[in-house]
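Peer 1: Okay, here's the structure, questions in a sec.
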Amino acid sequence: MPVVNINDSVKLILEFIDKDGKLINLSNTASIVTGIPLLVQNGKNVVDNSKQDDPAHARTALGVCNDGTIVIVVVEHIYKQHVKDLKLVQVRSILRQEKEINVDKLIIPEALKILEQHLVNYTVIGLTKTELADYMLTWI
């Protein structure tokens, strides 16, 4: 098997089969984005949230563009976030949302209290199906 390096071009031959094992002909297809359920069809978001629960959650989607580009998206889901797990950019964003504080004069105990209060209501990270479908559309 040949070695593939970063920025190498590769040619993939993909075959798609239906539930009965029959080959699906994609020659007339503009693009494919799939997930369970179907997220995008004919370049449009087809997620019907009125028929399904759509909480933010971990997601994985595979898309094949009409030029053969394969797009794979994996979205992380954190069930419970703790202050110690925050990235600096998240801390900055949370603190900037607080209109009543002067960030330049903020002391660590006050900052921790603000972050902990914010995380009580901000414990789920992930995407809804609609958000994932919309993101996939940016790639096709």
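Peer 1: In this structure, is Asn7 on the phi > 0 side of the Ramachandran plot and either assigned by TED's automatic domain parsing to the domain that holds Val73 or modelled with pLDDT of 75 or more (or both)? Quick ask: steps written out before the conclusion?
Peer 2: Details: on the phi > 0 side of the Ramachandran plot: yes; either assigned by TED's automatic domain parsing to the domain that holds Val73 or modelled with pLDDT of 75 or more (or both): yes.
So Asn7 passes the test.
Peer 1: Can you find a residue that is surrounded by 13 or more Cβ atoms within 10 Å (Cβ to Cβ), at pLDDT 80 or above and out of contact with any Phe, Trp or Tyr (no Cβ under 8 Å at 6 or more places or on another chain) anywhere in the stretch 116-127?
Peer 2: no
Peer 1: Within the stretch 13-46, can you find the residues that are surrounded by fewer than 10 Cβ atoms within 10 Å (Cβ to Cβ), more than 24 Å from the chain's Cα centre (by Cα) and at pLDDT below 80?
Peer 2: Within the stretch 13-46, Ile13, Glu15, Ile17, Asp18, Lys19, Asn25, Ser27, Asn28 qualify.
The values are calculated or read from the model by the stated rules, or taken from the named source; none is laboratory data. The structure presented is a predicted model; accordingly, all values stated were derived computationally and were not measured. Counting neighbours? That spans all protein chains shown, and the Cβs are built from the backbone with ideal geometry, glycine included.
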